[in-house]
Amino acid sequence: MGRFKLITKAISIGRVTEKYPFVPLEVPEGFRGKPVIDPEKCIGCTACSNACPPQALQVYDDLERGVRVVHLFIGRCIFCARCQDVCPTEAIKLTKEFELATLSDEDLHQIVELQMVRCEECGKPFDTFRHLLYTAKELQPWEREMMFLCPECRAKKVSEKLIFGKGGGYV
Amino acid sequence: MNIIFIAINLAFALIIAPLIDGFERKIRARLQNRQGPSILQTWWDLIKLFKRPTIEPQDSIKPLYKLAPYITFTSVLTAYLIIPTVLPASTNFIGDLILVVYLLGLATLSFVIGAFSSGNAYAQIGSNRDVSLFMSEELLLAFIIGTIAVIGKSLSFDRLFPLPFRISSILALLLLFLVIYVASTRLPFDIAEAEPEIIEGPLIEYSGKHLGLLKYFVFLKRLLLYSLILDFIIPIQNPIRLICYLIGIIILSIVYSTLEAYYGRFRIDQAVGILKRASIVALIVWMIAVVGW
Amino acid sequence: MILEILKSNNAKILRHDEKVTVALVPNDKLRTTAELLFKAGCYYATGAGVDERLLGVGFSMYHIFNCEAEGRYIIIKAVASNLKIPSITPIISGTNWAEREVMDMLGIFFDEHPEPVRLILPDDWPEGVYPLRKDFRYNERPPRVEFEQKREKKPGVMEVPVGPYHPALHEPEMFELYVKGEEIVGAVYRGFHIHRGMEKLAEGRMTINQIPFLAERICGICGYTHNCAYVQAIEDAAKIEVPERALYIRTILLELERIHSHMLWLGVAFHLLGFESGFMHTWRIRETFMDLAELLTGNRKTYGMNLIGGVRRDIDENKKKGLSEILDKTKKEIREIFDNATQMRELINRMEGIGVLSKKKGREIGVVGPTARGSDIDTDVRRDHPYAAYGDLEFKVPIYKDGDVLSRFLVRYEEVLESIWLIEQALDQLPPGDILNEEYELPEHTICVGATEAPRGEDVHFAIMGEGNKVYRWHPRAPTYNNLPAVPIMLKGEKLADAPIIIASIDPCFSCTDHIVIVDGEKVYRYSLDNYLGGL
């Protein structure tokens, strides 16, 4: 008898599969889909690339052109949303988009290029403008004068100051 | 005139057989809460298979392997000359009942031989199963044929369509209903093909056109057997025969595909056991027919 | 008791607390210690070899025993002298694979091992290259070597390959069945085709908080339980206090995962028995649980929820309400489907008395999870080593005595209902508070172990902490690793038609088992049809 109960059960329920590719599929709030970087908000701080487990997000400096490249390759992405968690400016967000199949490899890459600041001393690009501005808020007044120095030149300057004792309270 | 009608019957069978499978797929989908493919899907599948190149496995006995699908296919087509489908026209002669049984046997045998000659282990296991199933099915069929011949007092179809209304003829048709179910390789009797167990068994090495022919053969065989059982029931010269026939096909499709959707597969020994028991019943029915009930 | 055994064998206790005991055992006492532990009721969970040369020790082997009676894991460490350690396989057959794995991966030789042949590395891997040694880079690819295919042909027996590609196996693995007529006279398992080199990757490239996301990808079905086991191992090492709310959320997700995994298996079982409609009914219900997972975690799978110290997403009142509503509805439906399906005689006939595994044999091999519970072995990590919130919740551990496929089927069915009950309790008692504790310090070189009850059984993660936000060694052991050696025993003497359901009855997860190794993925076995048809 079990068999007939199952048959009647199936008939009473009707179709449960959806005509999927022909009708859109709803996803709930908080769905972790394709990550998208907002180029306006990104400051190039590299927090996301440090957190990204599969290295789908990579940040590298193109020293010749003086730009920092934030490179997102969705082919490697595991949609864990760690980048979204760690981003200080909410520049990277996971959207609800999940239909990512494509014929062209290019659709899977998102590249954001950020202008870098050149060091006042050695002329080497060392940080993005936006990141420098972002951190500037938290700088002590006496640190501001060395803002436009790359870390190496800054270290040199600091040690010079310490040696010659001219520093503004830098101990 | 008769020849044209037979040609129409044949054309009907060739076109409709895959459509019936498409219809059954739709019904099974309905019973499994699925959308299911379109009714035409079986046709698309066949067309695709016929377009694809065929590959012969290295270890096969090539002439046998290549010939088998054609023999299988033509033997079932030949049977359509004898059994009327949509129009009541057929070539008839004394003993054509036996010929149909042999044609179906030939189809199965060449199917099995083709599988054996493919040289694949799964195909051989599948053919082994096919043969043991065929044997026990054949025994049951022989008893049913005997019963039917006794009831109609003839070995020719034109005297047997339709069967007179008797207890034994009803019982014989019920048994025929079971044999047809088994012969049309459906769950739970699709043991020879059993996809999760032995990967479509006899069909495993076949590809392209050959695979298409063998699949087509299965659909044609199903329709042939449907027609056979319906011909035994519907009066042959009745004006509304055509409508009865089409309704009959639809009813059989629905019943068979419902059973198929809600049964688990038997093991070969279980299936053979069931058929043996059915054979004993058939023997008793034969006795009843001889007595004249 | 355990301490006495260890001390009587001159063992040096390295760590002893509530959950874990680590002891260094001298090589000449290793076998007696293992034997005494086994007799005391501890079964062999897993073993991991470690290249400790960077720590100034050399090569060592860690045998991990699960002592259910005391609710602790016992880790026996043995240091190889001259790359040799006595094998304990002659005493406990369950160590066979673990020791062979270490032989392959680290080149430690086990004296008197009955079967010292390759288990994991493919035939075309060069001799003397050991991928888990620390001087082997994680992205290195050694050149292929030519090899001879050695195969014996047995007269009168047909070899039937089930795999590497077979519709009954949903992953590439291979069972060679030796068949006479329809009867299986012997079976050999050839596995480890899916090698992803995860251990090496984790040790070589990833930081401690990235590994959870790698760990959960060990398995496509029970990923979250691997994630939890890893996170628990690290939390155990660093003594991190995990907020209680996080523990409850973990419990809910683990049970959700168990339900969907068991429903998947039950559906597949119906499919293998040819009952397609049962498959569709089961998967229809499973889909609601997938939707629940999507609601709670943001993805269909329970991925990406854990960090060390807690979980990443909270369950708010809205989700809580939706969850309990759906659970109420589906609970009734699950009963309806399975109570009706188990009335279908042909399904029961094909599972009853098939693929029997005896309790004694099961214990020797160390089978876990539903496979063990179907064979009258009363084991469940949730009860024996309470983790997450299981200590506060009540549940029943279903045990069946027959050891056949039907027992395993029924164990899983009952566990689904228990899991629903567990989620209901956890939702009821969900405590308020934080969900993530990020203030912790990581110790160095601590040996730790984390275990969870995955849907397929005990899942053990062994780890040694490294320096600077890294692990020195991480060895996950999936439940299927312990269950697979039992399959050839179950298969023997059965009909070929029953092989798929028997293989499936342990709910094998081959990728889980294989994750461990780094091997050239393009390797192709040169099997030809000639080989297959040997005896015919």
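The values are calculated or read from the model by the stated rules, or taken from the named source; none is laboratory data. Worth saying up front: this structure is predicted, and the values here are computed from it rather than measured. Cβ sites come from the backbone with ideal geometry, for glycine too, and all protein chains shown count toward neighbours. These accessible areas exclude ligands, DNA and RNA; they are computed on the full protein's heavy atoms, side chains included. Shrake-Rupley method; radii C 1.70, N 1.55, O 1.52, S 1.80 Å.
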*Answer yes or no as to whether C:VAL367 is in contact with a Leu (Cβ under 9 Å, 6 or more places away or on another chain) and either of a type in the set (Ser, Thr, Tyr) or part of a loop (DSSP other than H, G, I, E, B) (or both).*
yes
*asked:* I'd like the residue in segment A:51-82 that is within 22 Å of A:GLY30 (Cα to Cα) and of a type in the set (A, V, I, L, M) and, out of all such residues, is farthest from the chain's Cα centre (by Cα).
replied: A:ILE78
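So that you can scan it fast, the table gives a plain yes or no per residue for (1) over 14 Å from C:ILE447 (Cα atoms); (2) open to solvent by 10 Å² or more (accessible area, probe 1.4 Å):
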position	(1), (2)
C:LEU24	no, yes
C:LEU36	yes, yes
C:ALA45	yes, no
C:GLU52	no, no
C:ILE74	no, no
C:SER81	yes, yes
C:PRO90	yes, yes
C:THR95	yes, no
*For C:HIS193, all conditions in the list (1) under 21 Å from A:PHE31 (Cα atoms); (2) in contact (Cβ under 8 Å) with a residue 40 or more places away in the chain hold save one; what is the number of the exception?*
(1)
*Going through segment C:314-341 one residue at a time, which ones are within 12 Å of chain A (Cβ to nearest Cβ), open to solvent by 10 Å² or more (accessible area, probe 1.4 Å) and without any contact (Cβ under 8 Å) to a residue 60 or more places away in the chain?*
C:ASP316, C:ASN318, C:LYS319, C:GLY322, C:LYS332, C:GLU333, C:GLU336, C:ASP339, C:ASN340
*Scanning for something part of a loop (DSSP other than H, G, I, E, B), modelled with pLDDT under 85 and crowded, with 19+ Cβ neighbours inside 10 Å, does segment C:99-119 turn up at least one residue?*
yes
_Out of C:GLU199, C:GLU203, C:GLU171, sole residue that is more than 20 Å from C:VAL311 (Cβ to Cβ), within 18 Å of the chain's Cα centre (by Cα) and part of a helix (DSSP H, G or I)_ = C:GLU199
_Given the condition within 14 Å of chain C (Cβ to nearest Cβ), polar (S, T, N, Q) and out of contact with any strand residue (DSSP E or B) (no Cβ under 6 Å at 6 or more places or on another chain), answer yes or no: does some residue in segment A:80-89 qualify?_
no
*Identify all residues within segment B:89-126 that are in contact with a Ser or Thr (Cβ under 7 Å, 6 or more places away or on another chain) and of a type in the set (S, T, N, Q); write none if there are none.*
B:ASN92, B:SER110, B:SER117, B:SER118
*Search segment B:198-210 for residues being buried (at least 21 other Cβ atoms within 10 Å of the Cβ) and within 12 Å of B:LYS66 (Cβ to Cβ), and hand back the single one that is modelled with the lowest pLDDT.*
B:GLU205
*How about segment A:25-54: which of its residues are open to solvent by less than 30 Å² (accessible area, probe 1.4 Å), assigned to a loop (DSSP other than H, G, I, E, B) and in contact (Cβ under 8 Å) with a residue 60 or more places away in the chain?*
A:VAL27, A:PHE31, A:ARG32, A:GLY33, A:CYS42, A:ILE43, A:GLY44
*asked:* Please go through segment C:317-336 and give me each residue that is under 17 Å from C:TYR248 (Cβ atoms) and basic (Lys, Arg), ordered by number.
replied: C:LYS319, C:LYS320, C:LYS321
*asked:* Of the residues C:THR288, C:THR282, only one is touching a helix residue (DSSP H, G or I) at 6+ places or on another chain (Cβ under 8 Å), closer than 23 Å to A:LEU25 by Cβ, at pLDDT 90 or above and within 14 Å of chain B (Cβ to nearest Cβ); which?
replied: C:THR282
*Can you tell me how many residues in segment C:436-452 are in contact with a Pro (Cβ under 9 Å, 6 or more places away or on another chain) and buried (at least 21 other Cβ atoms within 10 Å of the Cβ)?*
0
*Cβ-Cβ under 6 Å pairs, at least 6 apart or on other chains, segment C:50-71 side closer than 15 Å to C:HIS475 by Cβ, far side open to solvent by 30 Å² or more (accessible area, probe 1.4 Å) and modelled with pLDDT of 85 or more*: C:ASP51/C:ARG133; C:ASP51/C:LYS134; C:SER60/C:VAL79
*segment C:351-381, residues that are buried (at least 24 other Cβ atoms within 10 Å of the Cβ) and basic (Lys, Arg)*: C:ARG373
*B:PHE165 vs. criteria among the aromatic types (Phe, Trp, Tyr) and either closer than 22 Å to B:THR258 by Cα or in contact with a Phe, Trp or Tyr (Cβ under 8 Å, 6 or more places away or on another chain) (or both)*: no
